[in-house]
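Rule-based calculations on the coordinates, nothing more; no lab input. Keep in mind that what you see is a predicted model, and the values were worked out from it rather than measured. No Cβ is skipped: glycine too gets one built from the backbone with ideal geometry, and neighbour counts run over all protein chains shown.
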Amino acid sequence: MHRTTVTDECIVSRGTFNVLCFVCVVLTSAKSTVTSSGKGGVVASQRSARWGLFNWVEFANEPCVSRHGFSGVCLTSSECSLHGGVARGRCANGYGVCCQVMKTCGETISSNNSYFVDPVTMAGSLTSVPNGLHCAVTVNKAGAGVCQLRLNLERFDVIGPDVSSVSGVCSHDAFSVSGQDTNSVVPLICGLNHGQHVYASVADVDGPVRLSMILARNETLRSWKIRVIQIPCGSQRLAPPGCLQYHEDPTGRVSSFNYASGAPFGGGSTGRLETGYPNFQSYSICFRLAAGSCSLRLAKDGPFGVDAPPAQDGGDGGGRRKPVANRCEDFRFRSPLQADFLMLGVQPFCGDDFPDHLETGNSVFCSGRELGALKTNERHSEKNRLLPKREKEEREVWCGGSYI
């Protein structure tokens, strides 16, 4: 954990700490006082001795949120300027500033809780993002002890999967992550993905990691704002190995990438319709259970469709897709180009036949972590395919255990 030391006179960098300068006075006694307050370990100390008096305040460079809702990292004013950031309020009891660092094409991120943004957002202008743009930033580890990056897609509005052919891939615009651990694959992402997130493991590499947004030559409006969070190796916030997404809150919604509910893209700003998740994705979604909970309940929140078996009439005459018994199970063992399915524990789901409510088995969840795997490898583009939402009131089932 990086820390900052502030004094009345000056700040000198030394490794991950900043060391004070002091003013000498002559005293006849020696004493020291220490006070501590505030989250993040703010420590103020005054020491006096025969030859000197000096004061310092030390605080951790932790994530912060200003009173206006800006996310940043708590730094001194000079450190914020050094990283090219903007002070968005005070932190550490007023000794630091909540520094918001935003970087765009061709720039480097070296501090925690920074942002990768489109060049229009960076410039603060009202013009559109240039088409045919290849915009990338380099992410350096903020320290040797960083093991994961969490990328929060706070704003993510680009062209979705290709609907002009059967591929359903991100052939127009695409966001990619490279340079992370070889076993930590982040699939290509495109479309409308506000509020989504992904994890990338960097425990085995020194860096840098490269975040790239590749845009096709198209006049469509695009924008993005991606928060880059660096997680230390010993943190309890680390995602379990192999998890692309990790949900820690006791309630929330989970959806596939580019789930737009068939509404006009970007909330009606462009009039384009999206197609659901990109194909050729295979990743795991994990959940952290609250203490004392050992199972997870899911409630469907909108249209659900994972396109695997041929359409079946559900018996109501409406042509509702109804997978034949065990067909999803069979599809797991067929060619990877022929099947899409969602796995919850050992139960596969495909088509649009997902129950309104589903509870997982206790034998799986008492470990405190649960896995849902989505595989999207069928060469077919289907509209409005969704992972189910999870609800708190239908989730926490007591089993006398605790999460890991």
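Tabulated data for the structure shown
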| quantity | calculated |
| --- | --- |
| Gap separating the Cα centres of the range 204-264 and the range 95-165, nearest whole Å | 11 Å |
| Shape metrics for the range 101-238, restricted to C-alpha atoms - Rg then Dmax, Å | 15.0, 47 |
| Around His194: net Lys/Arg minus Asp/Glu count, Cβ-Cβ under 10 Å | 0 |
| Sum of side-chain charges, Leu211 neighbourhood, beta-carbon under 13 Å (Lys, Arg +1; Asp, Glu -1) | +3 |
| The range 164-219: radius of gyration over Cα atoms, expressed as a fraction of 2.2 N^0.38 Å | 1.32 |
